[in-house]
């Protein structure tokens, strides 16, 4: 398993970056997240329409590839081919950390199976980054968030 949490010698490595996005306020993004997104050749995102709002705000022009729960298995081979061509690629969700409760876990696991570097970045909450590392190492099982409304 190749799982990195830092850049070596301040060089940006090729691989898959798990980039946490703001939850609500678009200003709640880190400078490092903006840097990685700008240097990414491709960004796998949950909904291109939602992601464009964030990317346009920070003048990020990377190519978007839709990666949601209905197509993430279908996209897997294409994603691995892109990542094996030694490019910088990011994975984002509409809000928060990809693969925690949003799509992305399938892609991350396939990257690890192919020994492709996976680099999670902290976002608005460092807790979600730590949580993601635990999930990726299969030490816990995350069911989902509680329902907002009472279910009868």
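Here is a check on your reading of the model: is residue 62 in contact with a helix residue (DSSP H, G or I) (Cβ under 8 Å, 6 or more places away or on another chain), modelled with pLDDT of 95 or more and crowded, with 18+ Cβ neighbours inside 10 Å?
Values: in contact with a helix residue (DSSP H, G or I) (Cβ under 8 Å, 6 or more places away or on another chain): yes; modelled with pLDDT of 95 or more: yes; crowded, with 18+ Cβ neighbours inside 10 Å: yes.
Spelling it out, residue 62 is indeed in contact with a helix residue (DSSP H, G or I) (Cβ under 8 Å, 6 or more places away or on another chain), modelled with pLDDT of 95 or more and crowded, with 18+ Cβ neighbours inside 10 Å.
Looking at the range 68-80, which of its residues are surrounded by fewer than 17 Cβ atoms within 10 Å (Cβ to Cβ) and either under 15 Å from the mean Cα position of the chain (by Cα) or outside any helix (DSSP H, G or I) (or both)? Before you say what the answer is, go through the steps one by one.
Let us first name the residues in the range 68-80 that are surrounded by fewer than 17 Cβ atoms within 10 Å (Cβ to Cβ), namely 69-71, 73-74, 76-78.
Across the range 68-80, the qualifying residues are 69, 70, 71, 76.
For the range 111-122, how many residues are buried (at least 21 other Cβ atoms within 10 Å of the Cβ) and out of contact with any strand residue (DSSP E or B) (no Cβ under 7 Å at 6 or more places or on another chain)?
Result for the range 111-122: 0.
Taking the residues in the range 100-110 that are surrounded by fewer than 23 Cβ atoms within 10 Å (Cβ to Cβ) and touching a strand residue (DSSP E or B) at 6+ places or on another chain (Cβ under 7 Å) as candidates, determine which candidate is modelled with the lowest pLDDT.
Out of the qualifying residues, it is 102.
Being within 16 Å of residue 23 (Cβ to Cβ), modelled with pLDDT under 80 and not in a strand (DSSP E or B), is that true of even one residue in the range 135-145? Spell out the reasoning first.
Taking the range 135-145 and keeping what is within 16 Å of residue 23 (Cβ to Cβ), we get 145.
If we keep only those that are modelled with pLDDT under 80 too, we end up with 145.
From the residues that got through so far, the ones that are not in a strand (DSSP E or B) too are 145.
Checking the range 135-145: at least one residue is within 16 Å of residue 23 (Cβ to Cβ), modelled with pLDDT under 80 and not in a strand (DSSP E or B).
Condition first: over 19 Å from residue 68 (Cα atoms), touching a strand residue (DSSP E or B) at 6+ places or on another chain (Cβ under 9 Å) and not in a helix (DSSP H, G or I). Now tell me which residues in the range 11-39 satisfy that.
Filtering the range 11-39 down to residues over 19 Å from residue 68 (Cα atoms) leaves 11-15, 24-36, 38-39.
Still in the list and also touching a strand residue (DSSP E or B) at 6+ places or on another chain (Cβ under 9 Å): 12-15, 28-29, 33, 36, 39.
Selection gives 12, 13, 14, 15, 28, 29.
Considering only the range 89-99, state which residues are surrounded by fewer than 21 Cβ atoms within 10 Å (Cβ to Cβ) and assigned to a loop (DSSP other than H, G, I, E, B).
If we filter the range 89-99 for residues that are surrounded by fewer than 21 Cβ atoms within 10 Å (Cβ to Cβ), which is where we start, we get 94-96.
Residues satisfying the conditions are 94, 95.
Okay, residues lined up against (1) touching a helix residue (DSSP H, G or I) at 6+ places or on another chain (Cβ under 8 Å); (2) modelled with pLDDT under 90; (3) at positive phi; (4) surrounded by 13 or more Cβ atoms within 10 Å (Cβ to Cβ):
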residue: 50; (1), (2), (3), (4): no, no, no, yes
residue: 53; (1), (2), (3), (4): no, no, no, no
residue: 56; (1), (2), (3), (4): no, no, no, no
residue: 66; (1), (2), (3), (4): yes, no, no, yes
residue: 82; (1), (2), (3), (4): no, no, no, yes
residue: 87; (1), (2), (3), (4): no, no, no, yes
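The values are calculated or read from the model by the stated rules, or taken from the named source; none is laboratory data. Quick caveat, the model's predicted, so the values are computed rather than measured. Note that each Cβ is placed from the backbone with ideal geometry, even for glycine, and that neighbours are counted across all protein chains shown.
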